[in-house]
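S.K.: Take this structure first; my questions come after.
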Amino acid sequence: MRVSLVFALALLVAGCAAVEPRGTGDLGLVVERASGSLQLVDTTRRVAIGRVPGLGDLSHASIVYSRDGRYGYVFGRDGGLTKVDLLRGSIAQRVLQSGNSIGGAISQDGRLVAVANYKPGGVKIFAADTLELLAEIPATYGNGRRAKVVGLEDAPGNRFVFSLFEAGEIWMADATDPRNPKITKFREIGREPYDALVTPDGRYYLAGLFGEDGLALLDLWYPERGVKRILPGYGRGGKPLPVYKMPHLEGWAIAGRFAYIPAVGHHEVLIVDTETWREAGRIAVAGQPVFVMARPDGRQVWVNFALPDNGVVQVIDTESRTIVATLEPGRVVLHMEFTARGEEVWISARDDNRVTVYDTAALKPVAMISAQSPSGIFFTARAFRIGL
C-alpha cells in the first residue's frame, strides 16, 4: 500500500511539472456576439489561445474580472451571469438570473458581483466565488412600477451606484452587509439617465441624460450634498437630433484634469474641466462618437463612431487638442481596449470578423486576429481599475 501511494504521488508530481505555469496579467477576452462565445487572447504574443462557447446572448455583453485576474464575470443580454476561468479556458459557473440584463460590476474587495437588470428592473448581488444570490434590489418607483437599471458602477467602500431610466433617479447601495445592502436614493436627478461612469479616482458618479440636456453629478465623498446638474446644453442642443447609437459613457476619457466626452447626436467631442465641471472646448470629429477612450498615460484619446461612420477611428492629441490620425480598422468598429500601459490598442471590426492591434506611438497596425463577429474587448487590467 505504501509503495502504491508513493508511486501515485510521483505520477502526480510529474503531471504537474508538465503543465507550464503562467500568470493572467496579459490575458483578455473578446466577445463573439453572433456565436455566444468568447475568444481568449494573449496580449503579449498578440494571439488567440482558446475559445469558450455556450454563453448565450452576447449582443450587449460586458465583462469584469476577479481581483487576481483569473476569472472573468460575463454579463449577457439574456440575463446570464457567467464566471469564466481564464487559465482553464472554460466556464466555471453560470446562472440565468433575469430576463434581460445590461451589465454589472465587481465590488472593491472583489467578493461581490452586482448585475443591472432591465427585466425585471433592479439589481442582484452575488457572491463572487460561488455565484450565490445574496440580495435583490427591485428598482421600484411611483406606484410599484419597475424601472430599467442602467449605469451600474462599483465605487469605493464596497458600494454600487446605478441609475433608474424611467424613474429619473440614482441609487447607491452600500454592500458592507451584502445580504442587507443599505440603499440611498436620489430622486429627480434628470430625465432618462441612460449610462454612467465613475471617475478614475472613484470620487464622482456621472450619469448622462437622454431626456434633457446636461448630466447628473454625484460626489461620492459627500453624497449628502445630493445630485447636481452640470453642462446644461452639452448634448443634443437646441433642437432634437437623430441619434444613431447612444454613446457609452463608461468610455469617457479622463486625461489629467480634463474629460473628453462624446456629444450626443453631434459630430463633436467635448472637453470638460473636471475641477469646475464646465465646458473647456470642443473638437470636431468624423461622426457621432460612441466610445471616447484615453490612452492610459492620457496623451491620446481614441474615438469610434456610430453609423454611417462606424468604420473609422480617430486619434486626438490631448496637448494640441487636434486630430492626429484617421484610421480605418474595418467595417463596424464596436469597441477598443488599451493594453495596461497603453503601448497598443485592440480594435474590433464586427463585419470583417477581426480584431486589429495598433501600435499607439506609430499609429500603425501590428497584428490582426480572426474572431467571429467581435464586439467587446476586455483585458484583465480591468481588475485593477475603479468603475470598470
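S.K.: A367 - would you say it is hydrophobic (A, V, I, L, M, F, W, C), out of contact with any strand residue (DSSP E or B) (no Cβ under 9 Å at 6 or more places or on another chain) and over 29 Å from Y205 (Cα atoms)?
M.R.: Against the criterion (hydrophobic (A, V, I, L, M, F, W, C), out of contact with any strand residue (DSSP E or B) (no Cβ under 9 Å at 6 or more places or on another chain) and over 29 Å from Y205 (Cα atoms)), A367 does not qualify.
S.K.: Next question, about the same structure. Can you say whether F384 is of a type outside the set (S, T, N, Q), out of contact with any Leu (no Cβ under 6 Å at 6 or more places or on another chain) and either over 30 Å from V115 (Cβ atoms) or modelled with pLDDT under 95 (or both), as far as the supplied structure shows? Please lay out each step first, then the result.
M.R.: Numbers: of a type outside the set (S, T, N, Q): yes; out of contact with any Leu (no Cβ under 6 Å at 6 or more places or on another chain): yes; either over 30 Å from V115 (Cβ atoms) or modelled with pLDDT under 95 (or both): yes.
Criteria met by F384.
S.K.: What is the number of the single condition among (1) closer than 18 Å to V47 by Cα; (2) not in a strand (DSSP E or B) that G311 does not meet?
M.R.: The single condition G311 does not satisfy is (1).
S.K.: Kindly provide the set of residues from the stretch 321-353 that are in contact with a Leu (Cβ under 6 Å, 6 or more places away or on another chain), closer than 12 Å to I377 by Cα and part of a strand (DSSP E or B), ordered by number.
M.R.: S348
S.K.: Then there's this: Filter the stretch 202-244 down to residues that are surrounded by fewer than 16 Cβ atoms within 10 Å (Cβ to Cβ), assigned to a loop (DSSP other than H, G, I, E, B) and modelled with pLDDT of 90 or more, then give me how many there are.
M.R.: The number of residues fulfilling the criteria is 3.
S.K.: Looking only at residues that are outside any strand (DSSP E or B) and touching a Gly at 6+ places or on another chain (Cβ under 6 Å) in the stretch 70-85, which one is farthest from G110 (Cα to Cα)?
M.R.: Applying the filter and picking the extreme gives D78.
S.K.: State yes or no: is F378 aromatic (F, W, Y), modelled with pLDDT under 95, part of a strand (DSSP E or B) and closer than 22 Å to V64 by Cα?
M.R.: Criteria not met by F378.
S.K.: While we're on this one: Looking for something in the same structural domain as K148 (by TED's automatic domain parsing), at pLDDT below 90, touching an Asp or Glu at 6+ places or on another chain (Cβ under 9 Å) and within 22 Å of I106 (Cβ to Cβ) - is there at least one such residue anywhere in the stretch 185-195?
M.R.: Within the stretch 185-195, one or more residues are in the same structural domain as K148 (by TED's automatic domain parsing), at pLDDT below 90, touching an Asp or Glu at 6+ places or on another chain (Cβ under 9 Å) and within 22 Å of I106 (Cβ to Cβ).
S.K.: So which of E275, E279 ends up being in a strand (DSSP E or B), more than 20 Å from the chain's Cα centre (by Cα) and among the acidic types (D, E)?
M.R.: E279
S.K.: Mind telling me which of the residues V324, V312, V292 ends up being under 22 Å from the mean Cα position of the chain (by Cα) and surrounded by fewer than 19 Cβ atoms within 10 Å (Cβ to Cβ)? Outline the logic, then answer.
M.R.: Numbers: V324 fails: under 22 Å from the mean Cα position of the chain (by Cα); V292 fails: surrounded by fewer than 19 Cβ atoms within 10 Å (Cβ to Cβ).
That would be V312, the only listed residue that is under 22 Å from the mean Cα position of the chain (by Cα) and surrounded by fewer than 19 Cβ atoms within 10 Å (Cβ to Cβ).
The values are calculated or read from the model by the stated rules, or taken from the named source; none is laboratory data. Only a predicted model underlies this, so the values are computations on that prediction, with no experimental measurement involved. Using ideal geometry, Cβ is built from the backbone for each residue, glycine included, and neighbour counts are taken over all protein chains shown.
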